[in-house]
Amino acid sequence: MIYLWTAILSILPISELRGGIPFALANGVPWYIAWPFAVAANALAAPLCWLFLSTGHRLFYGKPAGNAGLSGAAVTTGNAVTGGFTWYRNLFDRFVERAREKLRSGVEKWGALGVALFVAVPLPVTGAWTGTLGAWVMGLPKRKTLPAVILGVAGAGAIVTAVMLLGIGALRIFIKTL
């Protein structure tokens, strides 16, 4: 049951492995099992997020009137679109254009490495879900984004595990065990 909760906490967008690893360690799971288990569970977030974004976007945005397909975060400004919701298309096009303008230089400079570094920082709102969303909005290809997110998740897991182990070790100085 501990492993099930560790997996659930590691894949949830709110906690990710920042909640899964401490939970596992607090419940007696050795770090060399907790770290790869939580990393593997959290790494599943990237393909799940990409699938959800692509599917949901296609449903809400609609399809180009011609035979061309709409993939990823492609913006079809000025082209006729059938189906979908106009309010979503307008909101999405404005949001994506504004985000791309603000972040273009950073994305061109850092690309997938920037995604990996962003995901590797174990702070709130910097995990696999947000990294995948950002990469998708910026139009980074899936084949570069997914490995970058997995690398970032592994790095964040190593940091969280090290902090937990150092914290537990420091706590033992003050608490006497029998």
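Every number here is computed from the coordinates shown, using simple stated rules; none is lab data. In this text the structure is predicted, and so the values were computed from the model without any measurement. A quick note on method: Cβ atoms are made from the backbone with ideal geometry, for glycine too, and the neighbour counts reach across all protein chains shown.
Things to note:
- Mean residue ellipticity, 222 nm, helices only, the chain: the sum of -39500 (n - 2.57) across DSSP H runs of n ≥ 4, divided by residue count and rounded to 500, is -24500 deg cm²/dmol.
- Only Cα pairs under 8 Å and 6+ residues apart enter the sum, and on that basis the relative contact order of the chain stands at 24 percent.
- Axis of helix 31-43 versus longest Cα principal axis of the chain: the two differ by about 10°, to the nearest ten degrees.
- Choice from Gly19, Gly152, Gly84 with maximal GNM fluctuation in the chain (Cα, 10 Å cutoff): Gly84
- Net charge over other residues, Cβ less than 15 angstrom from the Cβ of Ile159 (K, R count +1; D, E count -1): 0
- Helix 128-137 axis, angle to the chain major axis (alpha carbon atoms, nearest 10°): 20 degrees
- For the chain, built as a Gaussian network whose Cα springs stay under 10 Å, the top-fluctuating residue of Trp35, Trp129, Trp110: Trp110
- Ordering Leu25, Leu166, Leu59 by the number of other Cβ atoms within 10 Å of each residue's own Cβ, fewest first, gives Leu166, Leu59, Leu25.
- Top of Ala128, Ala80, Ala156 by mean-square fluctuation, Gaussian network on the chain, Cα under 10 Å: Ala80
- Net charge over other residues, Cβ less than 15 angstrom from the Cβ of Asn42 (K, R count +1; D, E count -1): 0
- Bins of 10 Å from zero: percent of alpha-carbon pairs in the chain: 10, 32, 27, 17, 9, 3, 1, 0
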